[in-house]
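Worksheet: the structure to be examined is printed underneath.
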Amino acid sequence: MSYKLYYAPESASLGVRVILEEIGVDYELLPTSTDTDKPKPQGQLALNPNGWIPVLIWDEYAMYECAAITIFLCDRHPEAKLAPTVNEPERGLFLQTLVYFSNTVQNAFQLDYYPDRFADTPATEPSAQRRGLRRLRETWKVIDDQIGNNNWVIGDRFSAADIYLFMLTTWLKPSRGQPSTQEFPNVKRISDAVAQRRSVQVVYEEWISEQTTPR
């Protein structure tokens, strides 16, 4: 069983690649870009007209949206034990958290990084960015409180929700006014633990190296 993944650095496709590494299946990376000024591969646009990534391909099928791909891979490969089954009590929290990451936390990032999508004129874009910065703190506080004393995001078991959390923390840039994981000790604790996994060390090698390089 093998997959193809439209992939670009510093994007949500890295989170999907970590899951593929955790599962241990063969996969091929199809390079693309998140730069809105660069043309996207026609194959990517045919599968996702929005031009966004990740896009996962298997057999003659394909799908997009990171949270949906995450759930699909977890359910298709239960042997990897990356998600509670539908009959386990943690399943609801697992799904809730992934959708919250996708719909709410990522939306807050977009307000800051892509204010033109939320403002009528360039003059009002700074207002959208300011709201994005406030919303990032609000949403990460919700997750930090949810984690509490848990070992992992949804309780005592590691899951794909922890991978998703780590992926999102790599997007935080305090230099832009975004919060640091230092503000959310439970988030930081889990992010640091996820960073030690072999799959993450492989996929995020360049990012991890940048964090440890003296500035």
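The values are calculated or read from the model by the stated rules, or taken from the named source; none is laboratory data. Since the structure is predicted, the reported quantities are computational estimates derived from the model, not experimental observations. Cβ atoms come from the backbone with ideal geometry, glycine included; neighbour counts cover every protein chain shown.
Observations, loosely collected:
- Checked against (1) closer than 23 Å to Lys188 by Cα; (2) touching a Leu at 6+ places or on another chain (Cβ under 9 Å), Arg117 passes all but condition (1).
- Residue that is under 16 Å from Ala161 (Cβ atoms), part of a loop (DSSP other than H, G, I, E, B) and either modelled with pLDDT of 95 or more or among the aromatic types (Phe, Trp, Tyr) (or both), where the choices are Leu73, Leu98, Leu93, Leu82: Leu82
- Answer from Leu56, Leu29 - the residue that is more than 23 Å from Trp140 (Cβ to Cβ), assigned to a strand (DSSP E or B) and touching a residue at least 40 places away in the same chain (Cβ under 8 Å): Leu56
- Taking each residue of region 76-101 that is in the same structural domain as Arg197 (by TED's automatic domain parsing) and β-branched (Val, Ile, Thr) and looking for partners that are exposed (fewer than 14 other Cβ atoms within 10 Å of the Cβ) and not in a loop (DSSP other than H, G, I, E, B) with beta-carbon atoms closer than 7 Å, six or more apart or interchain, yields nothing.
- Residues (aliphatic (A, V, I, L, M) and under 26 Å from Gly92 (Cβ atoms)) located in region 160-178: Ala160, Ala161, Ile163, Leu165, Met167, Leu168
Table: residues versus (1) charged (D, E, K, R); (2) closer than 30 Å to Pro174 by Cβ; (3) over 20 Å from the mean Cα position of the chain (by Cα).
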position	(1), (2), (3)
Pro78	no, no, yes
Pro84	no, no, no
Thr97	no, yes, no
Phe109	no, yes, no
Asp116	yes, yes, yes
Ser127	no, yes, yes
Arg131	yes, yes, yes
Ile143	no, yes, no
Gly155	no, yes, no
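- Selection from region 7-36 of residues that are closer than 15 Å to Leu73 by Cβ and of a type in the set (Ser, Thr, Tyr): Tyr7, Ser13, Tyr27
- When residues of region 117-132 are limited to those that are assigned to a helix (DSSP H, G or I) and in contact with a helix residue (DSSP H, G or I) (Cβ under 6 Å, 6 or more places away or on another chain), the one surrounded by the fewest Cβ atoms within 10 Å (Cβ to Cβ): Arg131
- Residue within region 81-98 that is farther than 27 Å from Val153 by Cβ, of a type in the set (Phe, Trp, Tyr) and out of contact with any Leu (no Cβ under 8 Å at 6 or more places or on another chain) present: no
- Within region 144-164, residues that are over 18 Å from Gln182 (Cα atoms) reach partners that are part of a loop (DSSP other than H, G, I, E, B) with beta carbons closer than 6 Å, at six or more positions or on different chains, in the pairs Ile154/Glu90; Gly155/Glu90; Ser159/Leu82; Ser159/Ala83; Ala160/Leu82; Ala160/Ala83; Ala161/Val153; Ala161/Ile154.
- Every listed requirement among (1) touching a Phe, Trp or Tyr at 6+ places or on another chain (Cβ under 8 Å); (2) not assigned by TED's automatic domain parsing to the domain that holds Trp140 is met by Val105 save one, (2).
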